[in-house]
Amino acid sequence: MLNNPHRRYNALTGEWVLVSPHRAKRPWLGQVEKRSPENLPEYDPTCYLCPRNERAGGVSNPDYTGTFVFENDFAALLPTLEEEPASDSPLLVSVPEQGQCSVVCFSPRHDLTLPELELPAIENVINTWTSTSAGLSKKDFVGYVQVFENKGAMMGCSNPHPHSQIWAQSHLPNEIMKESGTQTAYFAQNGRPLLLDYIREEQKRKERVLFSNDHFTAVVPFWAVWPFEVLVSARRATQSLSDLSASEVSALAEVFKHVTTKYDNLFEISFPYSMGFHQAPADGQPHPEWVLHAHFYPPLLRSATVRKFMVGFEMLAMPQRDITPEVAAERLRGLSSVHYKQTERES
């Protein structure tokens, strides 16, 4: 393990991250975050995502018992297309962007996040992500579908009721263009998907692997930027959620429950993160280079109240991290796989 400053190459994006392990013990006198309230009710009559409650515009939610999907009341993208005026300068270019945004509530329970759901309920969430993504990808104006979850107020989540979002848009977003380029180039040169080779390499070394089953592997990636970042990758060349078999959905649910439980157990809080799946472009073309995967980007660094900020050097030059991915993986692996709240209830 390298203990001196060094750069690591992100084979998936073609970018670099600066690692400075010697800085991990520096004193912290910076901002301290407030802890989010832990004791949420099962049902909140003021929550616009709970069953039977009213949302914006006077629309009432149904009395749902499983997942609940609706079109975002404040969508960032709209299916209508309005042409932009032509620019007279190549430096001032804008193009119209069509899209559609959906919200997916995990369950009627206001107080249960992913790690607190039973495995069948997590499978139901994954199946809902799959069916909604597939429906959006069939629209003629959609070129890419992004499934993501912002968990916690620290990550900009405006409502604590556990939910995720699905945005479909005409053009490939920036991160997908990067990953598409690297995976395409690697496949052209080697005849194999980049991520499958990467996961095989991680399985051999084991030091960054958090959990693995027959179909998916979770690792703290070699090139991780966020302190406890996790990559979950399929172990075969499946391009999208809709390609998964029933057994693979069950395996993915198992991995998600394991990773998110470890997160919560790290500081014994509802651990904030942004998570998102990266699927192949929805362009109707084969993408043998692509492997379905999900990124977890959590901001917490030293405790429930100390976070990693992307400022200064990170904004102006390149990402930088202090604790190494190997140390982060070791800490997460050492935690119980039983959620701390369940342990408290049983004691």
#### Entry: residue 259, sole failed condition from (1) under 30 Å from residue 135 (Cβ atoms); (2) free of Cβ contacts under 8 Å to residues at least 40 places away in the same chain; (3) not in a loop (DSSP other than H, G, I, E, B)
(2)
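Give the stretch 289-311 a look and list any residue that's open to solvent by 50 Å² or more (accessible area, probe 1.4 Å) and within 21 Å of residue 252 (Cβ to Cβ), or say none. Working first, answer last.
Keep residues of the stretch 289-311 that are open to solvent by 50 Å² or more (accessible area, probe 1.4 Å), which gives 297, 302, 309-311.
Result: 297, single match.
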### Task
Tell me which of these residue 270 doesn't satisfy, since it passes every other one: (1) closer than 28 Å to residue 199 by Cα; (2) outside any helix (DSSP H, G or I).
(1)
### Message
Which count do you get for residues in the stretch 211-242 that are open to solvent by 10 Å² or more (accessible area, probe 1.4 Å), within 20 Å of residue 200 (Cβ to Cβ) and not in a loop (DSSP other than H, G, I, E, B)?
### Response
2
### Message
Take the residues in the stretch 265-277 that are open to solvent by 20 Å² or more (accessible area, probe 1.4 Å) and in contact with a strand residue (DSSP E or B) (Cβ under 7 Å, 6 or more places away or on another chain); name whichever of them is nearest to residue 160 (Cα to Cα).
### Response
274
### Message
Exactly one of these conditions fails for residue 173: (1) in contact with a Cys (Cβ under 8 Å, 6 or more places away or on another chain); (2) over 30 Å from residue 53 (Cα atoms). Give me its number.
### Response
(1)
### Query
Somewhere in the stretch 186-208, is a residue at pLDDT 95 or above, open to solvent by less than 40 Å² (accessible area, probe 1.4 Å), in contact with a strand residue (DSSP E or B) (Cβ under 7 Å, 6 or more places away or on another chain) and under 19 Å from residue 121 (Cα atoms)?
no
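Among the residues of the stretch 105-149 satisfying the criterion of being among the aliphatic types (A, V, I, L, M) and more than 16 Å from residue 71 (Cα to Cα), which is most open to solvent (accessible area, probe 1.4 Å)? Let's see the steps before the verdict.
To start, the set of residues in the stretch 105-149 that are among the aliphatic types (A, V, I, L, M) comprises 112, 114, 117, 119, 121-122, 125-126, 134, 136, 142, 145, 147.
Narrowing the set further to residues that are more than 16 Å from residue 71 (Cα to Cα) leaves 112, 114, 117, 119, 121-122, 125-126.
Numbers: 112: 33, 114: 3, 117: 8, 119: 67, 121: 36, 122: 2, 125: 1, 126: 1 Å².
Going through the qualifying residues, I end up with 119.
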### Task
Look at the stretch 317-347 and say how many of its residues are surrounded by fewer than 13 Cβ atoms within 10 Å (Cβ to Cβ) and either touching a Pro at 6+ places or on another chain (Cβ under 6 Å) or of a type in the set (Val, Ile, Thr) (or both).
2
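Just checking, which of 16, 28 is at pLDDT below 90, over 22 Å from residue 109 (Cα atoms) and in contact with a Lys or Arg (Cβ under 8 Å, 6 or more places away or on another chain)?
Within the list 16, 28, the selection yields 28.
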### Message
Only one of 244, 231 is in contact (Cβ under 8 Å) with a residue 60 or more places away in the chain and within 17 Å of residue 134 (Cβ to Cβ). Can you tell me which?
### Response
244
### Task
Name every residue in the stretch 155-181 that is farther than 21 Å from residue 128 by Cβ and either touching a Gly at 6+ places or on another chain (Cβ under 8 Å) or buried (at least 20 other Cβ atoms within 10 Å of the Cβ) (or both), in order of residue number.
170, 171, 172, 178, 179, 181
### Verdict on residue 201 being assigned to a helix (DSSP H, G or I), out of contact with any Phe, Trp or Tyr (no Cβ under 6 Å at 6 or more places or on another chain) and either of a type in the set (Ser, Thr, Tyr) or touching a residue at least 24 places away in the same chain (Cβ under 8 Å) (or both)
no
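Determine whether the stretch 263-273 contains at least one residue that is out of contact with any helix residue (DSSP H, G or I) (no Cβ under 8 Å at 6 or more places or on another chain), without any contact (Cβ under 8 Å) to a residue 40 or more places away in the chain and among the aromatic types (Phe, Trp, Tyr).
yes
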### Task
Filter the stretch 229-275 down to the residues that are among the hydrophobic types (A, V, I, L, M, F, W, C) and touching a Lys or Arg at 6+ places or on another chain (Cβ under 8 Å), then identify the one that is farthest from residue 289 (Cα to Cα).
269
#### Entry: Output for the stretch 252-262, where each listed residue is touching a helix residue (DSSP H, G or I) at 6+ places or on another chain (Cβ under 6 Å) and of a type in the set (Val, Ile, Thr)
260, 261
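The values are calculated or read from the model by the stated rules, or taken from the named source; none is laboratory data. Quantities reported herein were computed from a predicted structural model and do not represent experimental measurements. A quick note on method: Cβ atoms are made from the backbone with ideal geometry, for glycine too, and the neighbour counts reach across all protein chains shown. Note: accessible area is taken over every heavy atom of the protein model, side chains too, but ligands, DNA and RNA are not part of it. Shrake-Rupley method; radii C 1.70, N 1.55, O 1.52, S 1.80 Å.
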